[in-house]
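Colleague: Sharing a structure below in structure tokens format, with a few things to ask.
The values are calculated or read from the model by the stated rules, or taken from the named source; none is laboratory data. All of these numbers come straight from a predicted model, not from anything done at the bench. Cβ: placed from backbone, ideal geometry, glycine included. Neighbour counts: every protein chain shown.
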């Protein structure tokens, strides 16, 4: 059940009414949210409901044991390790088993040892990467004493709450659990902000992302030899726009839906293409994943402790694992390594500047424009690997930059150029401008609000294509 | 020596907190985003009660429904036959009448005119009136094409690939492979969720009639059929799997082959591969059988079976194949679609047919 569909609109209408009617009765509210969320998840494949249930059970018993750290540290640690192994085992099997088997078999075959690993191709359950990461963060946070272990019903709502279930944001226990435990104020729904987020998200996904994808990204990446070097450049820029509109569009809708139910999620994107360097980019792109990687991978690896070599190792491992989290393909590993390398260079450069008593990042309007331009180009280079179906596909795309000159570029149209520039420039609009629009909307009469919303919906469905492609992050 | 607990972030030594602060300076914002419970700066938009939210949302939805009812009605008409389609048509029929009666549907028509959205597109997403099948180009006679067996960069072989989503899987790889030779001008016209069963959803013969004069292909590669195992909508509905269905489908295949070869193009019709779902697999075999029967009646048409190319030597479904000593994942996890690796395998076979059977020198 994709967000921008009639099916989901009907589902959400039921969920909205049920949620507010049951709001005075916390236990019934939680049971209703669990039932609705499991129904929502079962829309893809009912069998995977048991997987979500299994992750919840593992997280519950893991946290139960981990919470006894003060009285029984050894068993708490064992409980933590076992539950993490269980959660990562589920993720590993469903997401990486096929990839692992093929690569090991091919290596063994090359060494003359035969094909020893049985080949499997499990269907990748949608959302598994997201709810696994949330479950891990919950167990670890309980172990660390940052949060108390929750009642099973609260934990179940935390993990399955349908607005974030499929593709995030990756919400922490300390953010969501208190909101689940307390009743929401039925007279204080942040309607104008919620509806702004939902409409902006749907517009970005249905209109912009779909258009850029079919206009240039998909044709160029699927048959790079048939396209010119300028088309390849615009396809890379176009993919930057496509994935931003797709993923931030999804999280905007998720945040807006949660707001309508009286729940606040953390922001996940903050104008990422205004970043002046890669560190800055990761502060703005998929922010809830960045902080997850920081707190549950980078710091446990040792963080910035130790020599430069150790710090480099930690950054590279974190980014490569972050890349692999996106999918079982060497292209994601390369994407992660590329970003890790860029982070390492930036880290060492800043360190050297600080040692020379210079500001960590050079300032000035011209410099910042220059930095933004090249950061965007580097990010686009990474997107080539991210979007490519294989390493050879990525090299074919990049190879056209050297061999694809002198032919026509019919895919580069004025509308495409305007769309790409428009989306990137829109990131420089101050957030206050959007808040003013929300304030103006919030004080309108109900009939005016309904009329405006009806027209915006019509504009989106008219400008968008028939049917909606799944969100890119659904497959992660 | 004790193992250092990687998840212990208690500030007992102070080192970890120092690391965290340092990392925060590097990776987290100088001004971190406000926690979710904090409102953003500036005056807050006015809040609303949930009943008002519900009322406004339902009213907005109703306005959109009436404005867009003809489009939604058309989408329902071209959807697969079944209870969902019937209910949708029953609900949307009166609304569409209201919309047309009040002239509201013109809003959408005007918008479509502005963004030039007319013509033969899958499902169209547009009002019934907008299912405009492009007329056949008959005013300017187009000379018949002759197969160019020795193409060059300046006089390339023109190849057109037509297909549904599986055809697109193949077409992407084939267009890339043929373009890489430097002597082929390859074009893919792929339309997902289409076939020959539902011309009301997407009209392939009409599309072909436009493509032929536009691209003047010398070779046409067709891979269509994955979505065709469904009933012909009536009344009365003609059920898939019956002799009546086979006869109608055979007629459409014949007509399509006649049209495709009408200007002298050589046609390679690629059959469907085995599917993970045995029922779908059997349906694909049935469709392949009808196409095979039609081929001998059409000069210039060759059937290329993908059954053992993308399946095991015995014709069984397999997600992996050994290609040149390497295990390759050839099928998507949905058990239907073809991975880029699988498409590469099938593409090389099609390319081989162009070289060997049609005698085209692709070496430039």
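Colleague: Let me spell it out: the conditions are (1) under 26 Å from residue B:358 (Cβ atoms); (2) surrounded by 14 or more Cβ atoms within 10 Å (Cβ to Cβ); (3) without any contact (Cβ under 8 Å) to a residue 24 or more places away in the chain, and residue B:245 meets all of them except one. Which number is the exception?
Modeller: Evaluating residue B:245 over (1) under 26 Å from residue B:358 (Cβ atoms); (2) surrounded by 14 or more Cβ atoms within 10 Å (Cβ to Cβ); (3) without any contact (Cβ under 8 Å) to a residue 24 or more places away in the chain leaves (1) as the failure.
Colleague: Here's a check for you: in the range A:103-154, which residue that is touching a strand residue (DSSP E or B) at 6+ places or on another chain (Cβ under 8 Å) and in a loop (DSSP other than H, G, I, E, B) is farthest from residue A:172 (Cα to Cα)?
Modeller: Of the range A:103-154, the ones touching a strand residue (DSSP E or B) at 6+ places or on another chain (Cβ under 8 Å) are A:105-106, A:109, A:115, A:119, A:121.
Remaining after also requiring in a loop (DSSP other than H, G, I, E, B): A:115, A:119, A:121.
Details: A:115: 42, A:119: 36, A:121: 31 Å.
Ranking the qualifying residues of the range A:103-154, first place goes to A:115.
Colleague: State yes or no: is residue B:236 assigned to a loop (DSSP other than H, G, I, E, B) and in contact with a strand residue (DSSP E or B) (Cβ under 8 Å, 6 or more places away or on another chain)? Before the answer, list the steps.
Modeller: Details: assigned to a loop (DSSP other than H, G, I, E, B): yes; in contact with a strand residue (DSSP E or B) (Cβ under 8 Å, 6 or more places away or on another chain): no.
Considered against the rule, which asks whether it is assigned to a loop (DSSP other than H, G, I, E, B) and in contact with a strand residue (DSSP E or B) (Cβ under 8 Å, 6 or more places away or on another chain), residue B:236 comes out as no.
Colleague: Give the residues of the range A:133-176 that are surrounded by fewer than 22 Cβ atoms within 10 Å (Cβ to Cβ), within 14 Å of another protein chain (Cβ to nearest Cβ) and more than 27 Å from residue A:269 (Cβ to Cβ), sorted by residue number.
Modeller: Correct list: A:144, A:145.
Colleague: Restricting attention to the range A:416-436, which residues are loosely packed, with under 13 Cβ neighbours inside 10 Å, within 13 Å of chain B (Cβ to nearest Cβ) and in contact (Cβ under 8 Å) with a residue 12 or more places away in the chain?
Modeller: Across the range A:416-436, there are no qualifying residues.
Colleague: Which of the following residues is exposed (fewer than 14 other Cβ atoms within 10 Å of the Cβ), more than 21 Å from residue A:276 (Cβ to Cβ) and touching a helix residue (DSSP H, G or I) at 6+ places or on another chain (Cβ under 8 Å): A:441, A:402?
Modeller: On the way: A:441 fails: exposed (fewer than 14 other Cβ atoms within 10 Å of the Cβ).
Being exposed (fewer than 14 other Cβ atoms within 10 Å of the Cβ), more than 21 Å from residue A:276 (Cβ to Cβ) and touching a helix residue (DSSP H, G or I) at 6+ places or on another chain (Cβ under 8 Å) holds for just one of A:441, A:402, which is A:402.
Colleague: Determine whether residue A:51 is modelled with pLDDT under 95, part of a helix (DSSP H, G or I) and surrounded by 14 or more Cβ atoms within 10 Å (Cβ to Cβ). Can you show your working first?
Modeller: Numbers: modelled with pLDDT under 95: yes; part of a helix (DSSP H, G or I): yes; surrounded by 14 or more Cβ atoms within 10 Å (Cβ to Cβ): yes.
Spelling it out, residue A:51 is indeed modelled with pLDDT under 95, part of a helix (DSSP H, G or I) and surrounded by 14 or more Cβ atoms within 10 Å (Cβ to Cβ).
Colleague: Would it be correct to say that residue A:382 is touching a residue at least 24 places away in the same chain (Cβ under 8 Å) and part of a helix (DSSP H, G or I)? So that I can check it myself, show each step before the final result.
Modeller: Working: touching a residue at least 24 places away in the same chain (Cβ under 8 Å): yes; part of a helix (DSSP H, G or I): yes.
In short, yes.
Colleague: Follow-up question, since we're still on this one. Please go through the range B:184-229 and give me each residue that is under 21 Å from residue B:157 (Cβ atoms) and within 14 Å of chain A (Cβ to nearest Cβ), ordered by number.
Modeller: Passing the criteria: B:184, B:185, B:186, B:187, B:188, B:189, B:190, B:214, B:215, B:221.
Colleague: Filter the range A:22-39 for residues that are closer than 19 Å to residue A:263 by Cα and surrounded by 15 or more Cβ atoms within 10 Å (Cβ to Cβ) and give the result. Step through it out loud before you land on a result.
Modeller: Taking the range A:22-39 and keeping what is closer than 19 Å to residue A:263 by Cα, we get A:22-38.
Across the range A:22-39, the qualifying residues are A:22, A:23, A:26, A:29, A:30, A:31, A:32, A:33, A:34, A:36, A:37, A:38.
Colleague: Only residues that are free of Cβ contacts under 8 Å to residues at least 40 places away in the same chain and under 14 Å from residue A:142 (Cβ atoms): list them for the range A:40-69, please.
Modeller: Within the range A:40-69, the first condition is being free of Cβ contacts under 8 Å to residues at least 40 places away in the same chain, and the residues that meet it are A:42, A:46-47, A:49-50, A:53-54, A:57, A:61, A:65, A:68.
Scanning the range A:40-69 gives A:61, A:65, A:68.
A quick yes/no check of all residues on (1) at pLDDT 95 or above; (2) in a loop (DSSP other than H, G, I, E, B); (3) touching a strand residue (DSSP E or B) at 6+ places or on another chain (Cβ under 6 Å):
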{"site": "A:7", "(1), (2), (3)": "no, no, no"}
{"site": "A:33", "(1), (2), (3)": "yes, no, no"}
{"site": "A:47", "(1), (2), (3)": "no, no, no"}
{"site": "A:65", "(1), (2), (3)": "no, no, no"}
{"site": "A:71", "(1), (2), (3)": "no, yes, no"}
{"site": "A:75", "(1), (2), (3)": "no, no, no"}
{"site": "A:95", "(1), (2), (3)": "no, no, no"}
{"site": "A:101", "(1), (2), (3)": "no, no, no"}
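Colleague: What residue, of A:235, A:215, is away from chain B (no Cβ under 11 Å), in a helix (DSSP H, G or I) and surrounded by fewer than 22 Cβ atoms within 10 Å (Cβ to Cβ)?
Modeller: On the way: A:235 fails: surrounded by fewer than 22 Cβ atoms within 10 Å (Cβ to Cβ).
Going through A:235, A:215 in turn, the sole match is A:215.
Colleague: Surrounded by 18 or more Cβ atoms within 10 Å (Cβ to Cβ) and either facing chain B (nearest Cβ under 10 Å) or part of a helix (DSSP H, G or I) (or both), is that true of residue A:411? Let's see the steps before the verdict.
Modeller: Values: surrounded by 18 or more Cβ atoms within 10 Å (Cβ to Cβ): yes; either facing chain B (nearest Cβ under 10 Å) or part of a helix (DSSP H, G or I) (or both): no.
Spelling it out, it is not the case that residue A:411 is surrounded by 18 or more Cβ atoms within 10 Å (Cβ to Cβ) and either facing chain B (nearest Cβ under 10 Å) or part of a helix (DSSP H, G or I) (or both).
Colleague: So which of A:83, A:42, A:79, A:19 is touching a helix residue (DSSP H, G or I) at 6+ places or on another chain (Cβ under 8 Å), surrounded by 19 or more Cβ atoms within 10 Å (Cβ to Cβ) and within 30 Å of residue B:58 (Cβ to Cβ)? I'd like the intermediate steps shown before the answer.
Modeller: Numbers: A:83 fails: within 30 Å of residue B:58 (Cβ to Cβ); A:42 fails: surrounded by 19 or more Cβ atoms within 10 Å (Cβ to Cβ); A:79 fails: within 30 Å of residue B:58 (Cβ to Cβ).
A:19 is the lone residue from the list that is touching a helix residue (DSSP H, G or I) at 6+ places or on another chain (Cβ under 8 Å), surrounded by 19 or more Cβ atoms within 10 Å (Cβ to Cβ) and within 30 Å of residue B:58 (Cβ to Cβ).
Colleague: When the residues of the range B:76-97 are narrowed to those that are in contact with a helix residue (DSSP H, G or I) (Cβ under 8 Å, 6 or more places away or on another chain) and surrounded by 16 or more Cβ atoms within 10 Å (Cβ to Cβ), which ends up nearest to residue B:194 (Cα to Cα)?
Modeller: B:79
Colleague: Just name the residue that is farthest from the other protein chains (Cβ to nearest Cβ) out of those in the range A:177-202 that are surrounded by fewer than 21 Cβ atoms within 10 Å (Cβ to Cβ) and more than 16 Å from residue A:23 (Cα to Cα).
Modeller: My answer is A:200.
Colleague: Something else about it: Just give me the residues in the range B:320-338 being touching a residue at least 24 places away in the same chain (Cβ under 8 Å), within 11 Å of chain A (Cβ to nearest Cβ) and crowded, with 17+ Cβ neighbours inside 10 Å, in sequence order.
Modeller: Residues satisfying the conditions are B:321, B:331.
Colleague: Go through the range B:47-60 and give me each residue that's at the interface with another protein chain (Cβ under 7 Å from one of its Cβ atoms) and either part of a helix (DSSP H, G or I) or loosely packed, with under 15 Cβ neighbours inside 10 Å (or both).
Modeller: Taking the range B:47-60 and keeping what is at the interface with another protein chain (Cβ under 7 Å from one of its Cβ atoms), we get B:47-50, B:52-56, B:59-60.
Matches in the range B:47-60: B:50, B:52, B:53, B:54, B:55, B:56, B:59, B:60.
Colleague: Right, here's the next one. Considering each residue of the range A:10-46, count those that are farther than 23 Å from residue A:180 by Cα and under 24 Å from the mean Cα position of the chain (by Cα), and give that number. Reasoning before the result, please.
Modeller: Keep residues of the range A:10-46 that are farther than 23 Å from residue A:180 by Cα, which gives A:10, A:43-46.
Then drop every residue that is not under 24 Å from the mean Cα position of the chain (by Cα), which leaves A:43-46.
Adding up the residues that qualify gives 4.
Colleague: Looking only at the range A:105-114, filter to residues that are within 11 Å of chain B (Cβ to nearest Cβ) and more than 13 Å from residue B:328 (Cβ to Cβ); which one of those is farthest from the chain's Cα centre (by Cα)?
Modeller: Residues of the range A:105-114 that are within 11 Å of chain B (Cβ to nearest Cβ), as a first pass: A:105-110.
Going one step further and asking which of them are more than 13 Å from residue B:328 (Cβ to Cβ), we end up with A:107-108, A:110.
Values: A:107: 32, A:108: 35, A:110: 37 Å.
The selected residue is A:110.
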